Amino acid sequence: MPLVKQPKDHVSVRSSPVEKIAVRREQNTSRNSSIRVISGEENSTYSRTLDSLSEILSHRQMRLQPIASQGPVQDLVSVLHRSDIDTAIVQADALEGAAGHVQSAVRERLRYLFQVSSKAVHVLAPRHIADIRQLEGRKVNINRPGSGAHLTASLMFEKLGIKPEFTTYDQDTAFQRLQSGEIHASILLASNPSTEVLAFPSSGRFHLLPIVLEEGASHYRSVQLTADEYPHLIETGQQVETIAVGHILVVRDWPEGSSRYKRLTHLAEVIDAHLDELKQTEQDLQRTEINLQAAPGWQRFDPAQSLIHKRARQADEQRAFERLIVASGVCSTPISTAVRERLYQDFIDWRRARERNTRSPTSGSDFQ
């Protein structure tokens, strides 16, 4: 009979009742305080952002537990079917690249919290190839099957109606084959500027090809690569148009009121409360920005959507208060912070009371 290796948290049937209770209590405590997230490789852009989020969560007695990515489509499947996964950073076009039955399950059962920045498509090619359509029938490396670059490149060429001969070398091998002329282009999906692209020895023989997709490619947006970012691949003062694909924090749409639903709601609230700390800074261009932009084709987790509505309302109230202050002439007289805050709170109380009375079917003519 083959030996079955038990997981570390396995409770032996030979354990005493007291031991079983202690072990299970430790397991439950760990599970309730940990957020398990599928992310990119160690030292990647996203892992650095997760480090920042992990530090914030630690102050809330929560622990972030990163799990290695198996590729965008497989990560969707993992969130769908693995109960030990809370969320995953997945590129938005993974939905389009999934098989039909997986797409249906994702649309029905998965949601997203927030967008997690984006990655740009970089197409490295010899300078004699000036247009991406010249890659028809030529060898183009798109990385290993299942990778993000492989998925986006496959979808991109399909939308463009171009049929290259794909190769699936790792990036180092692809660069060597590109230098030797064995392949005609290599595609990377990376944060901008990309350290991998910057490390490519161009020697003036290579450049970055522009990519333009027609409107309607919902998972992509147009971005510009500049000579300041890639001086060895783009002529001084020039820009190269390409596409970027957004990445999102995907979660399961657990039943409202369940412990998993509450945990994800708490995660959304923590991210929302510390959004400024998690945004990109000029000092760290490789840091990922978590933002509130909508992800086309995806439905947001209800509690996260409520937080965005709350932010929008607060911003609207702040603008209305500032207009009132200017119109009343209060701003012409210096006032303390405490007085300003009290005026703002009085304004909010008045505005919301007015809204309640306006919605009430018994509201009288005093509010007309």
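Throughout, read-outs are computed from the coordinates displayed, never taken from laboratory work. Predicted model only: the values in this text are computed from it and were never measured. In this analysis, Cβ positions are derived from the backbone assuming ideal geometry, glycine residues included, and neighbour counts consider all displayed protein chains.
Taking 7 Å steps out from each Cα toward its Cβ at E214 and D276 produces label points 4.5 nm apart. Relative contact order of the range 168-269, taken over Cα pairs closer than 8 Å and 6 or more residues apart, is 19 percent.
Rounded to the nearest 20, the Cβ-based charge dipole of the range 101-179 about its Cα centre (Lys and Arg +1, Asp and Glu -1) stands at 140 debye. Can you figure out the FRET efficiency of T358 with E322, using R₀ = 25 Å and their beta-carbon distance, to the nearest 0.05? The calculated FRET efficiency here is 0.65.
Kirkwood analysis of the Cα pair distances in the range 118-195 returns a hydrodynamic radius of 12.4 Å.
The slack between S336 and T226, meaning 0.36 nm per residue of separation minus the straight C-alpha distance, is 35.0 nm.
For the pair R107 and S258, label points projected 7 Å from Cα toward Cβ lie 2.2 nm apart. To the nearest 0.05, what FRET efficiency results for D170 and H266 with a Förster distance of 41 Å applied to their C-beta separation? The formula returns an efficiency of 0.55 here. For the range 157-199, the residues whose backbone nitrogen is under 16 Å from a point 7 Å from the Cα of R127, taken along Cα to Cβ, are 179.
By the Stokes-Einstein formula, at 0.890 mPa s and 25 °C, the range 187-253 with its Kirkwood radius over alpha-carbon pairs has D equal to 182 µm²/s.
The stretch between S203 and E235, if pulled fully straight at 0.36 nm per residue, gains 10.2 nm over its current Cα-Cα span.
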